[in-house]
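Taking it in order: structure first as structure tokens, then the write-up.
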Amino acid sequence: MTTLIIRRFLLMIPLLLLMSIVIFILAKLQPGDAFTGQMDPRVGAEYYEEQREKLGLNDPIHVQYLKWGNNVLHGELGESIRYKRPVMELIQERMPNTILLGVVSIAITYLIAFPLGILAGRKPYSLYDYSIQFLNYLMLAIPSFVAGVFAIYVFAFQLGWFPFSGSVEIGLEKGTMAYYISKLYHAILPGTVLGLLSTASYVQFLRNDIIENSRKDYIRTARAKGLSESKIYNKHILRNSIIPIVTFFGADVLSVFGGAVITETIFSYPGIGKLMIDAISGKDYPLMMALLLFFSFLGLLANLISDITYSIVDPRIKSN
């Protein structure tokens, strides 16, 4: 296990270097810069040219990359052009919101997917199974932005159960119990939407694995020995069927951040996803490149977590 972790971390170094080059080139290929379309006619063009020179936007692209890469290696992600604040400070400020949203989303996904998948797998081709399959196809067909708008309209505007924007109620003092309860309350609706849309694939995988495992020879042997159906399902079928689901945990981490880009924008939820959209739309190069590099690292880390989890839940698998 230790060897696997060391190898993967060493492999991350050249991969992150390659990704940093791609990210930097893609960012610079965008037309214009952070000042394009935002020039105040009362301010002379010389001022904006001075700002571009100060930020190094007029330097050759390879010089800009080397400066940026050197800063990243020293833990300096630069200053946001739009927010006039250090990039690391912005990420640290928004990260807890996205993590809370992710925890709620993953909890909803697993709490719903496991019971439905087990029910559909144990009673295949029944009314329960067909009903669950219908819900699965519905969840797969609904785009996340449509589900978000629908949830806001019904649960925020019509029923008034949840807030439709923000991450905490205005006026609450940070660090108090009321503050943290409000944070959780604001994350429930977007987290539920994000979690529900992720359940369909998990339910389908678990259902199919349970049906497939229930037809294998070792299950027939267990029945021939006189074992009870509950023991056969819980100890043999379910134990082997949840292995692929558990190994998706690493991918869940990445999918939460990816899904949060759309969900946070719809709900005006101040997290990493919305910050990413703001950086791209405002051509805020330092912030944009830092977030893209973070997502790249998160993807590599998610794959490592998946491999480690797979090795833990199934000792028969040896990861190299």
Beyond 19 Å (Cα-Cα) in this structure, taken from 183/283; 183/274; 28/67, we find 183/283
Residue 100 neighbourhood, Cβ < 12 Å, K/R = +1, D/E = -1, net charge +1
As straight-line cross-link partners of residue 235, the qualifying lysines (C-alpha separation under 24 Å, not fewer than 8 residues apart within one chain) are 123, 216, 225, 318
Long-range amide H partners of residue 79, meaning residues 5 or more apart or on another chain whose placed amide H is closer than 5 Å, are 87
Over segment 89-280, with neighbouring protein chains present, the accessible area per residue in Å² at probe 1.4 Å is 52
SASA check, residue 146, accessible area w/ 1.4 Å probe, all protein chains in place, rounded to nearest 10 Å², comes out at 70
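D for segment 89-280, whole µm²/s, Stokes-Einstein with Kirkwood Rh over alpha-carbon pairs at 4 °C and 1.567 mPa s: what number? All intermediate terms of the calculation are to be shown ahead of the outcome.
On the way: Rh = 18.4 Å.
Stokes-Einstein gives a translational diffusion coefficient of 70 µm²/s.
The values are calculated or read from the model by the stated rules, or taken from the named source; none is laboratory data. Fair warning: this is a prediction, and the values are worked out from it, not measured in the lab. Cβ sites come from the backbone with ideal geometry, for glycine too, and all protein chains shown count toward neighbours. Heavy atoms of the whole protein, side chains included, go into the accessibility calculation; ligands, DNA and RNA do not. Shrake-Rupley method; radii C 1.70, N 1.55, O 1.52, S 1.80 Å.
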